[in-house]
Amino acid sequence: MNKKMVPPHFYSTSRRIAVIAATALFAASAGLQAAVILNDNGGATTGETAWDSMISDSDLVNTGRPTFLSVDAPDGGFGTSSVGLQDGVNTNLQLVPNMTFYSAFPSSVTFTLDTTVNTLGYDITTINTFAGWSDFNFGAQIFELLIKTTTNGSFVTYGTFSNTAGFDNTTLGAPRSSLTTLTGDSGPIASGVTDIRLVYSQAVTYGTVIREIDVIGTATTVPEPSIWMMMIVGTGALILSQRTGRQSNLSA
Ligand SMILES: [Ca+2]
Ligand SMILES: [Ca+2]
């Protein structure tokens, strides 16, 4: 007789709030995979080192940076070392240590970030890969991007990106370069990132000369206050829903 009047839609509404809040929390903590935007920057550009001024020596994976832990990459042909992938340098020409020449494919380059201090991983906002050579169209590039995060623990593909416009297999003696830029469609490409892998495949006959790979981002931080608010609201709604349901059962 003393039964509390509870609107019939109350349970479904409160549970719906809880589910929405929980979903939002999961999305935030898992670092939802964003669509990756390719900007090929116009493809082939005259000049072997046309993008010099855009190469960074302070990105997350540059040699010597505290955010960089290790790299797993093969050395290239003609005596080029994988050091050239991340030394922040691209000013000299041909067969010097600041570039890496790959002619055997696939060539897989994996950067591991240092999460000793930044235990939540990193928000990756931009990836730039520079390629260029004085002839043979070695400045063309095609690669697949894979990312490992603190939440998925294994590599997930983000797509394969091609930057070959203006390159061909017959024009020799023309210095050309390309810059491939990847960004997220809204916000970072990924959050909580621990490892970045680029797998280069054959873009033109002979190979690709990679001048530098820059990975740009910041340490991932704890959820924003708005996310915490959603957690609190969601948890509160769930508890209220359970309590009200229990009271309803008792008084039934
Ligand atoms: Ca760099
Ligand atoms: Ca370099």
Output row, site Leu38, 7 Å Cα→C-beta label point, backbone N cut-off 19 Å, window the stretch 158-188, residues 158-169, 177-186
Going by how many other beta carbons lie within 10 Å of each one, how would you line up Ser70, Ser201, fewest first?
Ser70, Ser201
Using 0.36 nm times the number of residues separating Asp52 and Ser70, minus their current alpha carbon distance, what extension gain do you get?
4.1 nm
Most exposed first by the Cβ proxy, i.e. fewest other Cβ within 10 Å, how do Ile124, Ile216 rank?
Ile216, Ile124
Points 7 angstrom from Cα along the Cβ direction at Glu144 and Val83: gap in nanometres?
3.1
Normalised by the number of residues in the stretch 32-219, what is the relative contact order in percent for Cα pairs under 8 Å and 6+ residues apart?
36
Give me the distance between the Cα centres of the stretch 51-86 and the stretch 127-152, rounded to whole Å.
12
Which part of the stretch 41-55 falls in the paramagnetic zone of Ser201, meaning amide N under 19 Å from the point 7 Å along Cα-to-beta-carbon?
none
Please report the net charge: other residues with Cβ closer than 12 Å to the Cβ of Ser107, K and R +1, D and E -1.
-2
Viscosity 1.567 mPa s, temperature 4 °C: give me the Stokes-Einstein translational D for the stretch 32-219 in µm²/s, with Rh taken as the Kirkwood radius over C-alpha pairs.
80
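Coordinate-derived values only; no laboratory data. Computed from a prediction, not measured in an experiment: that's the story for all the values here. FYI the Cβ positions are ideal-geometry reconstructions off the backbone, even for glycines, and counts take in every protein chain you see.
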